[in-house]
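Enquirer: Please read through the structure below; I'll follow up with questions.
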Amino acid sequence: MKIRTAKLRSFTIMETIIVMIVVAILIGFSYSAYLIISRSYLSFSAKSKDMQTVLQLDRLLKKDFVQARLITRTDQHLIFRTDSVVTDYEFRQDYITRTKRLTDTFYVRSESPVTGFEERVDSSATDTGSRVDDLRLIIWLQKTKIPYHYHKLYSSENLFQSSTDAIH
């Protein structure tokens, strides 16, 4: 009786090593692409969040400028007065807070605001209670300066100030 030896089909060691090297290169490319895409997404997400914060602040400042009967400045504060509500904005270098019953904090980097009244600029912020009809503000959005300008048109009723020394 003759014993038959069967030949099994298989890969050589060299073929197996070449396949493993090709697979390792493909995994390396895939991981690199994943890192690039995830960093890009994180950067986009952070910029989008910062932009959303800046847009919300801009929307609220515009609204408060329109609704205010009187806007005054004291130190680093802008105070918006309506008939029933007082809104206070505090401008700091790394954040801006808005207090209107509740406090909102906007974490944006800004330069000191420049205010004025009737085309006279008051950048010193030393006049306490000075009336404001113009605000220029520069906000930084990821190394980019964004200038904002707000202007209040007062009615004659709002500009009239009753004084105890006035003769009626």
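The values are calculated or read from the model by the stated rules, or taken from the named source; none is laboratory data. Just so you know, these numbers come straight off a predicted model, no measurement behind them. Neighbour counts run over all protein chains shown; Cβ positions are idealised from the backbone, glycine included.
Enquirer: Has the stretch 45-66 got at least one residue that is assigned to a loop (DSSP other than H, G, I, E, B), more than 18 Å from the chain's Cα centre (by Cα) and modelled with pLDDT under 95?
Expert: Looking for residues that are assigned to a loop (DSSP other than H, G, I, E, B), more than 18 Å from the chain's Cα centre (by Cα) and modelled with pLDDT under 95, one finds none in the stretch 45-66, hence no.
Enquirer: For residue 105, indicate whether it is more than 16 Å from residue 53 (Cβ to Cβ) and modelled with pLDDT of 80 or more.
Expert: Here the answer is no, as residue 105 does not meet what is asked.
Enquirer: Looking at 92, 73, 69, which is the one that is basic (Lys, Arg) and either modelled with pLDDT of 95 or more or crowded, with 17+ Cβ neighbours inside 10 Å (or both)?
Expert: 73
Enquirer: Consider residue 10 against the criteria (1) modelled with pLDDT under 95; (2) part of a helix (DSSP H, G or I): it satisfies all of them except one. Which criterion is unmet?
Expert: (2)
Enquirer: Being over 21 Å from residue 156 (Cα atoms) and outside any helix (DSSP H, G or I): is that true of residue 112 here?
Expert: Considered against the rule, which asks whether it is over 21 Å from residue 156 (Cα atoms) and outside any helix (DSSP H, G or I), residue 112 comes out as yes.
Enquirer: Need pairs with beta-carbon distance below 9 Å; first residue free of Cβ contacts under 8 Å to residues at least 24 places away in the same chain and polar (S, T, N, Q) and within the stretch 40-67, second surrounded by 12 or more Cβ atoms within 10 Å (Cβ to Cβ) and not in a helix (DSSP H, G or I); sequence gap 6+ or separate chains.
Expert: 67/80; 67/82; 67/85; 67/87
Enquirer: Which of the residues that make up the stretch 66-95 are hydrophobic (A, V, I, L, M, F, W, C) and more than 27 Å from residue 143 (Cα to Cα)?
Expert: Listed by number, the residues that qualify are 66, 68, 70, 71, 79, 80, 85, 86.
Enquirer: Is it the case, given these coordinates, that residue 38 is over 20 Å from residue 145 (Cβ atoms), modelled with pLDDT under 95 and out of contact with any Ser or Thr (no Cβ under 9 Å at 6 or more places or on another chain)?
Expert: no
Enquirer: State whether one or more residues within the stretch 108-129 are among the aromatic types (Phe, Trp, Tyr), crowded, with 16+ Cβ neighbours inside 10 Å, at pLDDT 90 or above and within 21 Å of residue 67 (Cα to Cα).
Expert: Scanning the stretch 108-129, I find no residue that is among the aromatic types (Phe, Trp, Tyr), crowded, with 16+ Cβ neighbours inside 10 Å, at pLDDT 90 or above and within 21 Å of residue 67 (Cα to Cα), so the answer is no.
Enquirer: Which pairs have Cβ atoms under 6 Å, sit 6 or more apart or on different chains, and link a residue in the stretch 137-153 that is closer than 13 Å to residue 108 by Cα to one that is among the charged types (D, E, K, R)?
Expert: From the stretch 137-153, the pairs are 138/111; 138/145; 140/109; 141/50; 142/47.
Enquirer: Shifting gears a bit: For residue 16, indicate whether it is over 23 Å from residue 157 (Cβ atoms) and in contact with a Gly (Cβ under 7 Å, 6 or more places away or on another chain).
Expert: It is false that residue 16 is over 23 Å from residue 157 (Cβ atoms) and in contact with a Gly (Cβ under 7 Å, 6 or more places away or on another chain).
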